Amino acid sequence: MDILALKLWSPYWVGAGIGILSWFTFLLSDKPIGCSTAFARTSGMIEQALTGKFVKNQLYYQKFPAEIDWEWMFVLGIIIGSFCSAMLSGEFQLKWLPSLWIARFGLQVFPRILTAFLGGILMGIGARWANGCTSGHGISGTLQLAVSSWVAVIFFFAGGILTAYLIY
Amino acid sequence: MLKNLHLKKQTQLIFGLLMGIIFGFLLQKGGAGKYDIILGQLLLKDFTVIKIMLSAVVIGMIGIYILKGLGLAQLHPKPGSIGMTVVGGLIFGVGFAVLGYCPGTISAAIGQGNLDALFGGLIGILIGSGIFAHLYPGLQGVLKKGWFGDITIPEYFKVNPWMVILPLCLVIILFFYWIESMGL
């Protein structure tokens with residue numbers, strides 16, 4: 001069990017593990033690993049709860065119904081799995097600020113939350129616009145050799161690298 | 001294919017949860033839920049994220065194409081176009097660097113206790129997804145521009161998939177040797 005208590009595993013082993021996991025998602029569930037659609041479905045469920053109006057008349061939610069599906073449970077699982085891993089290694093810690101951010105922008109919490117919020121909005125729009133994220137395109141799509149996913153992942157990193165250099 | 005198993009709705013929801021738990025466990029152990037590591041990747045100073053992604057591609061690709069050859073799995077390549085994939089990819093990329101997490105890794109970040117992920121990023125992604133859903137009917141023209149569909153690279157070149165898989169694995173392994181030799 002010592003290995004489960006380690007803080008960090010080699011990225012190569014982690015990647016190999018994710019690759020093997022994807023065999024099972026295809027074999028047992030006929031699903032590629034993916035995350036961002038679950039956020040869109042959740043957004044639809046929240047809108048439905050807040051406005052009291054069913055979103056199923058909207059074109060987008062006809063394509064991706066606002067309901068709990070395999071991928072939604074998968075994303076919930078990520079939170080639980082990460083929590084278990086962090087607890088086993090003693091890494092779990094409630095933290096407002098990442099250290100790289102502190103070194104560049106200081107200790108105030110609000111600017112980071114606002115930045116994360118704005119970045120989140122862009123990411124939400126971009127993930128749905130591109131029809132996938134770093135999991136659905138970046139891992140599952142590329143390993144299926146989908147043209148769309150290789151194009152997407154190149155532009156994810158092009159946009160990301162450029163912006164990261166502007167920020168830091 | 002295990003068609004009957006795929007159709008069992010409750011079982012599939014439980015499978016989704018269990019497979020997600022494994023994915024989250026792996027992401028956390030790999031450090032992929034950390035803002036510092038993701039920004040380190042985008043600043044090209046720490047190649048953890050690329051190492052994880054590309055080794056998942058090598059192992060995943062070989063297995064999935066074997067399963068497909070045995071008739072045990074079918075592919076689900078996503079459709080794409082210039083207007084969809086390039087424009088959306090760039091917006092995503094900007095958000096990736098500003099937020100410092102992606103939809104998968106933010107879930108891992110929340111699980112390990114990062115509150116900027118929970119109270120900033122998560123709410124942002126949910127609102128952004130909602131904004132897109134509302135823009136969606138008006139974006140149909142842009143999203144279809146430069147359509148290339150759900151084609152795969154071997155289909156595009158009309159070759160046996162292994163003619164792409166084996167050279168690609170070789171290139172990725174050489175790339176790993178190169179970044180390790182650079183001390184990244």
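List of remarks:
- Extending 7 Å from the Cα toward the beta-carbon at both A:GLN93 and B:ASN160 defines two label points whose distance is 5.3 nm.
- Taking other C-beta atoms within 10 angstrom as a stand-in for reagent exposure, A:TRP23, A:TRP70, A:TRP13 fall in the order A:TRP13, A:TRP23, A:TRP70, fewest first.
- Residues B:GLU155, A:GLU91, B:GLU180, sorted so that the one with the fewest Cβ neighbours within 10 Å comes first: B:GLU180, B:GLU155, A:GLU91
- Extension gain, B:GLN74 to B:LEU44, is 7.3 nm, computed as 0.36 nm per intervening residue step minus the present C-alpha separation.
- D by Stokes-Einstein for segment B:57-103, Kirkwood Rh over Cα pairs, 4 °C, 1.567 mPa s: 98 µm²/s.
- Pairs of lysines in chain B whose Cα atoms sit within less than 17 Å of one another amount to 7, provided the residues are eight or more positions apart or on different chains.
- Lys pairs under 25 Å by Cα in chain A, provided they are eight or more residues apart or on distinct chains: 4
- Potential lengthening between B:ASP36 and B:MET182 on full extension [0.36 nm per residue; Cα-Cα distance subtracted]: 50.6 nm
- Charge-dipole axis of segment A:59-168 as Lys and Arg at +1 and Asp and Glu at -1 on Cβ define it, positive-most pick from A:LEU94, A:LEU114, A:ALA127: A:LEU114
- Amide hydrogen neighbours beyond the local backbone of B:GLY149, cut-off 5 Å, H modeled: B:GLY80
- Computed over the Cα atoms of segment A:66-168, the ratio of the radius of gyration to the Kirkwood radius (Rg/Rh) comes to 1.01.
- Going from the fewest other Cβ atoms within 10 Å to the most, the residues A:SER89, B:SER81, A:SER82 appear in the order A:SER89, B:SER81, A:SER82.
- Modelled spin labels at B:LEU135 and B:ILE123, positioned 7 Å past Cα toward Cβ, are 2.1 nm from each other.
- For segment A:25-69, projected area of the alpha-carbon convex hull averaged over all directions, nm²: 3.3
- Compactness of the protein assembly as shown as Cα Rg over 2.2 N^0.38 Å, two decimals: 0.93
- Taking one quarter of the surface of the convex hull spanned by the alpha-carbon atoms of segment A:1-94 gives a direction-averaged projected area of 8.2 nm².
- Extension reserve of the A:LEU4-A:ALA158 stretch, reckoned as 0.36 nm per residue once the Cα distance is removed: 52.0 nm
- Simple spin-label estimate for A:ILE68 and A:ILE46 in nanometres, 7 Å along Cα-Cβ: 1.7
- Inverse mean reciprocal Cα-Cα distance (Kirkwood Rh) of segment B:2-181, Å: 19.1
Where a number appears in this text, it was derived from the coordinates with a stated rule and is not lab data. Quantities reported herein were computed from a predicted structural model and do not represent experimental measurements. Cβ atoms come from the backbone with ideal geometry, glycine included; neighbour counts cover every protein chain shown.
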